[in-house]
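Below: one structure, written as structure tokens.
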Amino acid sequence: MAVETTHKPEIIDSEWLKEHLDDPGLRIVDTRSSYDYGKGHVRNAVNIELFDIVRSWGGLPAMCILQDKFERLMSSKGIDNDTKVVAYDNFGGLFSARLLWTLEHFGHKRIMVFDGSIKTWRDAGNPFVSTVPQVSATDYRAEHNEDNLATKEWILDHLQDQNVRYLDVRRGGEYSGKVAFGKRGGHIPGAVHIHWLEGIDPKTARFKPIDELRSMYERNGLTPDKEIVAYCWMGLRASHGYMMLRLLGYPKVRTYDSSWSEWGDAEGCAVEK
């Protein structure tokens with residue numbers, strides 16, 4: 001079973017970011033595409049896009065990068081082990097979530113996420129700039145946290161464990177099996193379905209209120225005393241489910257990195273519809 005995580009990531013808003021733009025020890029990370037970043041970004045922000053932190057491996061489309069590559073990437077962006085990382089993206093925190101999960105997987109503990117969408121930064125009258133900040137390289141050293149990763153083998157060993165719950169954040173059709181990407185449709189036996197967008201206010205792209213989020217998860221049996229495994233098709237949306245639970249302070253959360261792209265095609269892995 002996972003060791004409980006005592007720290008938790010934090011949510012920030014436009015006012016906080018505006019006040020702390022020039023803080024030493026803070027690194028703002030734009031997790032949008034390099035194209036979007038090039039058109040304009042928050043001052044002092046560096047760019048780490050999705051394809052910087054995932055790799056194709058064994059026929060699986062978006063697996064976590066290797067530790068040595070992650071260390072080189074963080075070092076090149078001026079991030080060291082004590083840096084407070086602030087991540088933002090276009091909508092709902094989806095790409096920020098993947099960075100957050102990856103950072104926690106490699107042992108980073110000081111992480112903040114902009115509330116939902118950087119659009120609120122612009123709506124508040126704050127500028128974007130085109131200048132890429134000059135950063136000094138660091139010597140980042142990662143420390144693997146296997147307790148936030150679920151593998152196929154781990155899930156098979158814990159399918160009957162009453163202290164483990166599975167969170168399917170895909171669309172309803174994927175969960176029911178009406179839509180199948182791969183050999184089989186359906187879901188992991190006993191998995192709860194909460195689409196990842198249910199945590200986002202569709203009008204503002206911000207996270208829904210903390211109390212509302214907590215109620216949504218708990219009424220579906222996803223309580224902080226359980227170990228929660230989030231999955232989707234390739235791990236991106238699953239990382240968002242992971243992030244939302246971590247922002248609520250859940251201490252034992254995992255992302256199934258291979259997700260349905262592996263489980264749906266694997267013999268010996270039970271499927272419910």
Query raised in the report: For the range 10-123, what is the convex hull volume of its Cα atoms per residue in Å³?
Result: 97 Å³
Query - Fewest-first ranking of 12, 48, using other Cβ atoms within 10 Å as the exposure measure - result: 12, 48
**Report entry** Hz values of 3J(HN,Hα) by residue in the range 262-272 - Karplus curve (6.51, -1.76, 1.60), Gly and Pro given as x
**Finding:** 9, 4, x, 9, 8, 5, x, 9, 5, 10, 10
Query raised in the report: For the cross-link pairs 8/178; 203/226; 18/109; 152/203; 8/273, which exceed 29 Å when the distance is taken from alpha carbon to alpha carbon?
Result: 8/178; 203/226; 152/203; 8/273
Report summary line: As straight-line cross-link partners of residue 69, the qualifying lysines (C-alpha separation under 18 Å, not fewer than 8 residues apart within one chain) are 77
Report task. Neighbouring Cβ atoms within 10 Å as the yardstick, rank 136, 261, 76 fewest first. Result -> 136, 76, 261
Query - Percent of beta bridges antiparallel (DSSP, the range 1-133, rounded to nearest 5) - result: 25 percent
Report task. Tell me the chymotrypsin sites (Phe, Trp or Tyr not before Pro) within the range 131-211 that lie in a loop according to DSSP and have at most 14 other beta-carbon atoms within 10 Å. Result -> 181
Report task. With θ set to phi - 60°, apply the Karplus curve 6.51 cos²θ - 1.76 cosθ + 1.60 along the range 128-143 and write out the HN-Hα couplings as whole Hz, x wherever there is a Gly or Pro. Result -> 9, 10, 9, 5, 8, x, 8, 10, 8, 5, 10, 10, 5, 10, 7, 9
Report task. Report Rg (one decimal) and Dmax (nearest whole number) for the chain, counting Cα atoms only, units Å. Result -> 18.2, 54
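List 193, 108 from most exposed to least, where exposure is judged by having the fewest other Cβ atoms within 10 Å.
The fewest-first ordering by Cβ neighbours comes to 193, 108.
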Query raised in the report: Check residue 232: other-chain or 5+ apart residues with amide H under 5 Å from its amide H, H built from backbone geometry?
Result: 238, 260
Query raised in the report: Exactly which GluC sites (Glu not before Pro) in the range 90-172 are in a DSSP loop and have at most 16 other Cβ atoms within 10 Å?
Result: 143
Query raised in the report: Taking only the alpha-carbon atoms of the range 60-196, what semi-axes of the equivalent ellipsoid follow from 5 times the gyration tensor eigenvalues under a square root, in whole Å, largest first?
Result: 33, 22, 13
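Here, each number is a calculation from the coordinates, and none is a lab measurement. No experiment lies behind these values; they were computed from the predicted model shown. Note that we place each Cβ from the backbone using ideal geometry, even for glycine, and neighbour counts take in every protein chain shown.
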